[in-house]
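The values are calculated or read from the model by the stated rules, or taken from the named source; none is laboratory data. It should be emphasised that the depicted structure is a prediction, and the values quoted were computed from it without experimental measurement. Every residue, glycine as well, gets a Cβ built from its backbone with ideal geometry; the counts of neighbours run over all protein chains shown.
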Amino acid sequence: MSSVAAKKSQREDTSEAPELAEVYLESLNRIERLHRHLLDVIKDELERKGQRDVNSVQALLVFNIGDDEMTAGELRTRGHYLGSNVSYNLKKLVESGYIHHARSDLDRRSVRVRLTDKGRAISQLVGELFDRQTLSVEKVGGISAAEFASINVILQRLERFWSDQIRYRL
């Protein structure tokens, strides 16, 4: 049972809009599950390609870095990394030769990261997976570009809502 579902079953429904509470919690549960499924899809692709020294979280991180060079903090603020242990995964990726890191010339406390050739190969592997999925998601999954555009607008609003909750302590 997901943490959202567990919280739902533990709490008493005191909402003035029970129908909104129900669909809101269902959406939270689906968002949580979708992210785990995405990582499972990437893990499956890595295993099929014989890539056993990088996990799905790390592969997605490498994909999101792409051709950019950035700091660990920028990875989080740009939304490229969702976990709390970005330093651990970056360290593992450096040790495995997927990422090159160097101290910033401007701020010696800051470390800038970029992909190595090995990292670019993993980024390309994940990109090819997403390209293949793009070719079939409408035919097989039944989801059109317009529906994705609507989902993206809604998710952007939800992200802004949550950001405001934190920023303004609502």
Handout entry: Total residues in region 94-137, condition in a loop (DSSP other than H, G, I, E, B) and touching a helix residue (DSSP H, G or I) at 6+ places or on another chain (Cβ under 6 Å)
Key = 2
Practice task
Answer with yes or no whether LYS91 is of a type in the set (D, E, K, R), closer than 16 Å to GLY119 by Cα and free of Cβ contacts under 8 Å to residues at least 40 places away in the same chain.
Solution key: yes
Exercise for the section: Using the structure shown, decide if ARG36 is surrounded by fewer than 13 Cβ atoms within 10 Å (Cβ to Cβ) and free of Cβ contacts under 8 Å to residues at least 24 places away in the same chain. Expected result: yes
Practice task
Would you be able to say whether some residue in region 49-62 is among the hydroxyl-bearing types (Ser, Thr, Tyr), modelled with pLDDT of 90 or more and not in a loop (DSSP other than H, G, I, E, B)?
Solution key: yes
Exercise for the section: Find the residue count for region 103-148, including only residues that are touching a Leu at 6+ places or on another chain (Cβ under 7 Å) and polar (S, T, N, Q). Expected result: 1
Handout entry: Per-region count, region 104-136, residues in contact (Cβ under 8 Å) with a residue 40 or more places away in the chain and in contact with a strand residue (DSSP E or B) (Cβ under 9 Å, 6 or more places away or on another chain)
Key = 8
Handout entry: Any chance ARG109 is charged (D, E, K, R) and over 20 Å from the mean Cα position of the chain (by Cα)
Key = yes
Problem - Close pairs from region 46-62: first closer than 12 Å to SER123 by Cβ, partner in a loop (DSSP other than H, G, I, E, B) and not basic (Lys, Arg), Cβ under 7 Å, at least 6 apart - result: VAL54/SER96; VAL54/TYR98; LEU61/HIS80; LEU61/TYR81; VAL62/TYR98
